[in-house]
Amino acid sequence: MEMLVASAIGILTAAGLFLVMRLRTFPVILGTALLTYAVNVFLFASGRLTIGAAPILRDGMENYADPLPQALVLTAIVISFGMTAVVVMIALGAYLSGDNDRVNDTLPDSVPSTGPGSASEEVRK
């Protein structure tokens, strides 16, 4: 069970980092969402992976699951959902105002910008 959860955390982290390095805004947003899911699974797994164990301590219980990571993950899910909605709306507004969804829209240093019709206008398109 631990190997499965560790593999899931690694795959989510790798996919999230891969998507964050893209140059479009939508894959970057998906990548940050995958990274938050990886952190949530890690926090959830830190509360012990016990199957059929009681989440609350009682007298005579030796095997229990810690409820604190579960509460932290629930709070993190709500916060990440709200932040993802805000980032999606900001990205949508930027796309609609500029007709471009590239993350880094700066020109290279080697391209001089001298006005309309210059090489910099060709690079931007």
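I'm checking my understanding of the structure. Among residues of the stretch 11-39 that are more than 26 Å from Leu96 (Cβ to Cβ) and of a type in the set (Phe, Trp, Tyr), which one is surrounded by the most Cβ atoms within 10 Å (Cβ to Cβ)? It comes out as Tyr37. Residues in the stretch 64-100 that are surrounded by 14 or more Cβ atoms within 10 Å (Cβ to Cβ), under 16 Å from the mean Cα position of the chain (by Cα) and hydroxyl-bearing (Ser, Thr, Tyr): Ser80, Thr84. Inside the stretch 18-70, residues that are out of contact with any helix residue (DSSP H, G or I) (no Cβ under 6 Å at 6 or more places or on another chain), part of a helix (DSSP H, G or I) and modelled with pLDDT under 85 make up a count of 3.
The values are calculated or read from the model by the stated rules, or taken from the named source; none is laboratory data. Every value quoted in this text rests on a predicted model; they were computed, and no experiment measured them. Using ideal geometry, Cβ is built from the backbone for each residue, glycine included, and neighbour counts are taken over all protein chains shown.
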